[in-house]
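Input: a single structure, listed below in structure tokens.
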Amino acid sequence: MDDEEINRAVLAYLNKKGFNRDELALEDDQNKSLSSSAPPTHPESQRGSVKYQEEYDNLRSWAYRSLDLYKRELLNMLYPVFIHCFMDLVAKGHTQEARSFFNSFREDHEMMHLRDLQKLEGVLSPSHLEDMEYAHSLRQSKMNIQICKYSYELLVEYLQKMKSISILGIINEHINFRVYSGQPGLKLDDIEDEILFGNNQDATLHINKKEVRWGLLKDSFEERLEKVVSDSEKSEGDGKEVDLEETKKRLVEGGKQKKLKKDKSVGAIGKNARSETNSITMPPRMITEPAVPVMPTEVEKSILEDLRNRVKLNSLALPSVSFYTFINTQNCLNCLSISHDGSLVAGGFSDASLKVWDMSKIGQANMQREHESAANENALGSGEGRKSYTLYQGHAGPVYSATFSPLGDFILSSSSDSTIRLWSTKLNANLVCYKGHNYPVWDVQFSPLGNYFASASHDRTARIWSMDRIQPLRILAGHLSDVDCVQWHVNCNYIATGSSDKTVRLWDAQSGECVRIFIGHRSMILSLAMSPDGRFMASGDEDGTIMMWDISSGRCVQPLMGHSGCVWTLAFSCEGTLLASGSADCTVKMWDVTASAKVARTEENSKTGNSNRLRLVKTLPTRSTPVYSLQFSRRNLLFASGVFSK
């Protein structure tokens with residue numbers, strides 16, 4: 001029996017017993033309750049919801065009709081006004097009106113902000129604005145928009161003339177205009193001012209004021225080897241030779257020296273960087289980090305030989321490129337990684353397997369095929385050809401990333417099963433399974449010394465690990481979305497992470513504290529690379545844009561435009577004069593970055609003139625092969641790899 005039937009029964013009983021007054025009183029109470037439970041109609045509220053759409057539509061039409069000189073700046077402020085109009089309608093309970101408004105104007109912003117719109121599309125009630133961290137961060141932050149004085153005056157005059165109260169309220173609360181004098185134009189060093197970010201502006205500025213010691217790792221193994229190389233070259237000029245025993249003695253003596261010499265660096269960028277780092281305190285190693293690992297004599301000899309035969313690269317002397325193309329992968333190859341000497345290539349597959357190819361064996365097999373008869377050639381193709389790789393199995397989901405240790409004796413792989421596995425290339429076996437992340441691990445990278453590694457995950461954190469411990473040493477939390485890529489600084493004191501929230505963060509590896517937030521990308525960051533001198537960082541995003549950052553100041557030196565697809569991999573040459581980028585557009589591009597130090601050194605160069613700007617030197621197209629991985633060898637030979645897509 002429902003409430004209505006009960007009420008009718010009570011009224012019938014009161015009428016039967018003659019309780020007329022009680023019957024009238026009960027009817028009055030029922031009428032009042034019905035009137036209070038009925039949904040109220042607020043004509044003013046309805047007019048307000050319609051007013052949002054009218055005011056935005058008029059503002060949009062006015063911006064598109066403005067002069068071309070000012071149109072770009074005026075169109076820039078439409079996106080933040082659009083999303084805040086939508087969220088205001090949702091917050092006031094006008095869900096249907098908000099959905100209609102969203103669908104009416106979303107096409108204007110899909111090209112630049114598709115991922116953000118897909119996230120906001122799920123906001124259907126006021127509670128979602130609080131529960132969804134991305135929407136909540138947008139409501140609590142402001143967007144910086146750079147606009148010339150005349151454009152700003154035109155906008156204010158229009159809004160006041162049209163009495164667009166709702167739009168004015170949104171602009172006052174959620175947009176911070178940075179007005180400058182002069183003609184409209186985008187300043188490259190202030191490109192991040194046009195990007196929406198979910199962090200408090202004051203907090204971000206405070207973080208970017210922290211000191212970052214970007215110098216090289218003091219007394220590193222390669223640095224001592226470079227000293228020996230420079231000394232041996234001088235002695236060879238005088239007719240003297242340095243044998244291996246003398247080399248090892250110099251290495252030991254070099255390890256005991258506490259003061260670095262300024263005239264022993266190799267390469268143009270390295271020389272400038274070390275002369276500058278000598279003027280500041282050299283960064284210490286990580287507290288938990290042991291001494292520089294002792295390497296076998298054969299490895300020392302090999303590295304020494306590589307450094308002696310290193311080719312100096314510049315815009316006129318480009319590197320030789322060795323490209324490894326994989327065919328018949330059935331769209332199951334997710335990632336590729338190349339060892340430092342290019343002898344090994346690892347691939348992660350969707351069937352949870354990891355395969356490692358020894359390129360020297362493949363080369364020997366190819367040479368044998370050329371000298372054998374057709375019958376033997378077919379036999380070899382069915383025998384050794386199929387066994388040209390080593391299969392590693394252990395993951396329970398697709399493998400998304402793989403990385404070699406500096407000496408190539410270990411491999412790390414990460415998977416959708418939220419684990420990281422350590423493999424031995426000598427034993428061809430799994431040694432350790434690291435568990436800590438709660439969701440798929442997108443990337444994993446060894447530190448330059450090989451003792452530590454960092455991982456990036458869908459759980460919006462990056463973690464620092466030690467090879468001898470199964471639990472993470474540090475958890476780096478702060479990104480608002482997936483952490484898609486991770487990269488170590490050359491001195492091992494810092495770790496850079498790129499995220500789907502369109503920011504790059506730099507973390508102190510000792511404290512786990514964020515010391516830099518780099519803002520400027522318009523889409524998710526997919527790749528990172530550190531310059532050999534430790535001063536600059538390059539980041540590539542989903543839209544094909546590459547940005548060169550000055551780590552000490554936290555500012556963008558210059559965006560590099562040229563790719564038409566996702567930038568999946570970046571690599572600096574050994575002396576830091578060239579930057580190689582690999583993309584989904586099936587090209588490898590070479591960028592001259594020698595001017596980055598000059599651009600970042602003085603504020604005058606960053607404000608005026610196009611001289612000393614970074615530039616594209618060469619584009620190397622592939623044959624329908626997106627570029628998955630790039631790696632410069634110690635001799636400055638560029639190795640690249642990709643999967644044939646047709």
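The values are calculated or read from the model by the stated rules, or taken from the named source; none is laboratory data. Not measured: the values here are computed from a predicted model. Glycine also receives a Cβ, built like all others from the backbone with ideal geometry; neighbour counts cover every protein chain displayed. Only protein heavy atoms, including side chains, enter the accessible area calculation; ligands, DNA and RNA are left aside. Shrake-Rupley method; radii C 1.70, N 1.55, O 1.52, S 1.80 Å.
Miscellaneous remarks
- Mean projected area (nm²) of the alpha-carbon convex hull when region 411-537 is viewed from all directions: 7.5 nm²
- Net charge over other residues, Cβ less than 9 angstrom from the Cβ of His84 (K, R count +1; D, E count -1): -1
- Each other residue within a Cβ distance under 15 Å of Ser581 adds +1 if Lys or Arg and -1 if Asp or Glu, for a net charge of -2.
- Between Leu427 and Asn331, the FRET efficiency from the beta-carbon distance, with R0 = 22 Å, is close to 0.10.
- The listed residues Arg310, Arg8, Arg463, once ranked by accessible area (1.4 Å probe) with the largest placed first, stand as Arg8, Arg310, Arg463.
- Whole-percent P(r), region 488-591, all Cα pairs, 10 Å bins from 0: 16, 51, 29, 3.
- Checking the cross-link pairs Lys502/Lys646; Lys51/Lys163; Lys355/Lys502; Lys149/Lys210; Lys355/Lys426; Lys71/Lys149 against a 21 Å limit on the alpha carbon distance flags Lys502/Lys646; Lys355/Lys502; Lys149/Lys210 as lying beyond it.
- Spherically averaged projected area in nm², based on the convex hull that wraps the Cα atoms of region 309-354: 4.7 nm²
- If you take all other residues with their beta carbon under 10 Å from the beta carbon of Trp507, and give Lys and Arg +1 and Asp and Glu -1, the sum is +1.
- Rg/Rh for region 108-162 stands at 1.11; both radii use Cα atoms, and Rh follows the Kirkwood definition.
- Distant-in-sequence amide contacts of Gln558, defined by a placed amide H-H separation under 5 Å and a gap of 5 or more residues or a different chain, comprise Met548.
- Accessible surface ranking for Met547, Met467, 1.4 angstrom probe, highest first: Met467, Met547.
- The distance linking region 69-87 with region 130-180 is 8 Å (Cα centroid to Cα centroid, whole angstrom).
- Over region 479-594, accessible surface divided per residue gives 18 Å², non-protein components excluded, 1.4 Å probe.
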